[in-house]
Amino acid sequence: MRPYIIALRRFGFFALAATLALPLLARGDERAAVGGNHTAPIGQGGMVVAQEALAARVGADILQKGGNAIDAAVAVGFALAVTFPRAGNIGGGGFMVIHLADGTDTTIDYRETAPAGIHAKSFLDETGNADPGKSRDSALAIGVPGTVAGLALAEQKYGSGKFTLAELIAPAIALARDGVTITEDAAAALVNRRLARWPASAKIFQKSDGVALGRGDRLMQAELADSLQAIARDGPRAFYQGPIAEKIAAAVSSAGGVMTVDDLRNYQAMERAPVRGSYRGYDVISMAPPSSGGVGLIEMLNILEGYDLGAIAQSDEAKAMHLLVEAMKRAYADRTLFLGDPERVQNPVALLTSKAYAAGWRAGIDPIHATAAADIRAGGTVQPEGRNTTHFSVIDRFGNAVANTYTLNFNFGVGLVAEGTGILLNNELDDFAAKPYVPNAFGLLGAEANEPGPGKRPLSSMTPAILLKDGKPFLITGSPGGSRIITTVLQIIVNVIDRGMDMAAAVAAPRIHDQWMPDQVYAEPDVPEAVIAALQAVGDKVVAQPPFTSANSIMITPQGFVGAADPRSRDALAVGF
Ligand code: DON
């Protein structure tokens with residue numbers, strides 16, 4: 001079977017009705033649908049949907065060579081570190097949710113950890129106030145990267161055994177060494193003040209005249225290729241010990257951070273049981289703490305399950321949106337108070353994901369009035385920041401599925417490439433609550449459960465998720481978007497299950513978001529005026545929000561795998577065969 005490819009371009013997609021399907025254009029053995037649509041390909045043999053096309057093809061190639069979804073995911077993970085450097089990474093961390101054909105569900109937690117030198121007051125200024133400069137813009141914000149350990153652990157435990165780790169890294173090495181052409185989307189992202197301020201980063205991402213690489217330029221990453229080569233040869237040890245670790249620690253400390261070679265040597269990716277829930281007969285498998293994503297998602301679904309949302313949406317769309325917003329507020333209030341690194345704090349996961357707990361919340365929802373956030377819990381403000389993380393979904397012909405979300409936190413993380421390694425480092429430690437009830441870059445509040453501490457993992461919102469029907473994969477989804485991730489995944493699920501949308505329509509449909517504090521509903525540009533007016537009428541403050549999530553998803557249908565690259569991302573691609 002030959003692969004076919006649907007390239008999705010963002011241009012004008014919001015103007016299109018969510019159910020519009022454009023014809024496919026033939027181009028050799030690729031089929032591209034361009035001009036602003038969200039048409040999705042169908043595959044039988046395997047599928048990868050990722051936010052950048054070269055990396056998606058790397059994964060599809062591994063599947064075609066007989067690899068399983070985990071092999072492909074690992075190859076995509078390394079490739080995106082080269083082709084999508086604003087979020088793909090080996091200097092950051094993330095989460096992988098895995099469903100195996102034998103029925104096993106598991107997750108790999110490769111979230112960054114705080115260096116041993118980080119403590120509860122690390123991100124405060126002299127007067128005891130939270131200092132965003134420290135937690136977002138300084139080398140203190142850099143967490144010990146988890147990606148290399150996480151991808152290697154996933155491969156070692158769940159790869160097919162047909163490929164060595166080196167074979168899965170090889171495409172990334174070639175892309176780094178041979179270079180990749182900068183697309184319009186990449187060029188826009190590369191104009192970035194965080195990158196520009198470090199000479200080691202500027203020499204890779206800028207031309208000699210100090211201007212960022214532009215569309216059509218080639219991004220050459222020889223040092224990153226060398227680092228990947230070392231990992232291919234010696235495994236994760238090459239990253240966490242020896243010259244690469246020494247260079248990372250030296251770069252962080254000369255930039256004013258506290259990470260040491262010991263912090264790197266001590267890093268461990270962990271396999272964790274997923275959080276599980278159910279929604280109208282589907283099993284929901286997602287990420288447990290240190291991500292709040294799975295808990296929040298299941299909590300919101302449980303609240304919504306008590307309503308006949310499909311029927312309500314048909315007769316009164318605004319009321320359906322109001323119910324979504326009310327569920328969101330409550331789940332995010334719980335996130336704030338209760339959740340943190342499970343190695344350090346008790347997370348009441350069973351309680352928060354129980355149907356009975358959701359029924360309690362539901363009883364307080366007024367069907368015709370917004371609940372003020374302050375009536376749910378205490379408050380804060382928002383400072384929208386940072387737009388990148390990346391999610392990809394993979395399915396193979398054997399019935400294995402992977403949902404993977406990973407990140408540097410902001411675009412290009414803190415912007416610092418560790419001199420001599422080509423590796424961009426994250427600023428993930430801003431996901432801690434620098435001070436209780438002071439918002440992070442995504443406006444999220446946290447309490448003591450998420451205070452900074454040595455070796456601790458900051459609470460995440462990343463929500464890679466797999467839905468099963470009768471034990472078999474039905475939907476693979478996830479997204480970037482900081483605090484908006486959990487509500488994005490929620491709406492993909494509601495769009496599919498309650499609104500009966502197909503994969504492409506569910507991904508393309510405009511989204512709303514409420515994170516309890518600040519007390520407002522964010523609405524993407526194409527949320528209908530009537531819905532906005534109705535939300536305002538029940539008492540919600542509605543604020544326009546640019547589209548910056550990217551829910552690259554796969555639905556498993558009787559006709560085959562249906563992939564939808566999010567039309568909000570210009571370079572996203574669904575590859576099926
Ligand atoms: O782990 C988290 O929740 C955040 N660091 C994710 C950041 C993110 O999604 C930024 N991109 N849009």
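The values are calculated or read from the model by the stated rules, or taken from the named source; none is laboratory data. Note that this is a predicted model, so its numbers are computed, not measured. Neighbour counts run over all protein chains shown; Cβ positions are idealised from the backbone, glycine included. These accessible areas exclude ligands, DNA and RNA; they are computed on the full protein's heavy atoms, side chains included. Shrake-Rupley method; radii C 1.70, N 1.55, O 1.52, S 1.80 Å.
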From Cα coordinates alone, what are the radius of gyration and Dmax values for the range 346-486 in angstrom?
18.4, 59
Which order do peptides 276-289, 416-429 fall in by mean Cβ count within 10 Å, highest first?
416-429, 276-289
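So which GluC sites (Glu not before Pro) in the range 108-160 end up in coil per DSSP with only 10 or fewer other C-beta atoms within 10 Å? Before the final figure, lay out the partial values.
Details: sites: Glu112, Glu126, Glu155; in loops: Glu112, Glu126.
Those satisfying the criteria are Glu126.
Which percent of the Cα-Cα distances in the range 81-240 go past 25 Å?
Numbers: 5671 of 12720 pairs.
Counting pairs separated by more than 25 Å, the tail of P(r) holds 45 percent.
Hey, any idea what Rg/Rh is for the chain, computing Rh the Kirkwood way over Cα pairs?
That ratio is 0.94, to two decimals.
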What does a probe at Val211 reach in the range 385-421, counting residues whose amide N is under 14 Å from the point 7 Å along Cα→Cβ?
none
Nearest 0.05, what FRET efficiency do Lys203 and Asp234 give at R0 = 30 Å with Cβ-Cβ as r?
0.70
Asp125 and Ala174 label points (each 7 Å along its Cα→Cβ direction) are spaced in nm at 5.2
Average projection area in nm² (convex hull over Cα atoms of the range 426-577, one quarter of hull surface)
11.6
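Explain nothing, just the number: relative contact order of the chain, from Cα pairs under 8 Å at least 6 residues apart, as a whole percent. Don't jump to the answer; show the numbers that get you there.
Working: 1556 pairs, mean separation 146.0, N = 577.
That works out to 25 percent.
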Express the carbon and sulfur contribution to the solvent-accessible surface of the chain as a percent, rounded to the nearest whole number, probe 1.4 angstrom.
54
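Using R₀ = 56 Å, calculate the FRET efficiency as 1/(1 + (r/R₀)^6) where r is the Cβ-Cβ separation of Asp308 and Lys157; round to 0.05.
Values: r = 41 Å, r/R0 = 0.74.
Calculated value: 0.85.
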Cα centroid distance between the range 314-354 and the range 154-224, in Å?
37
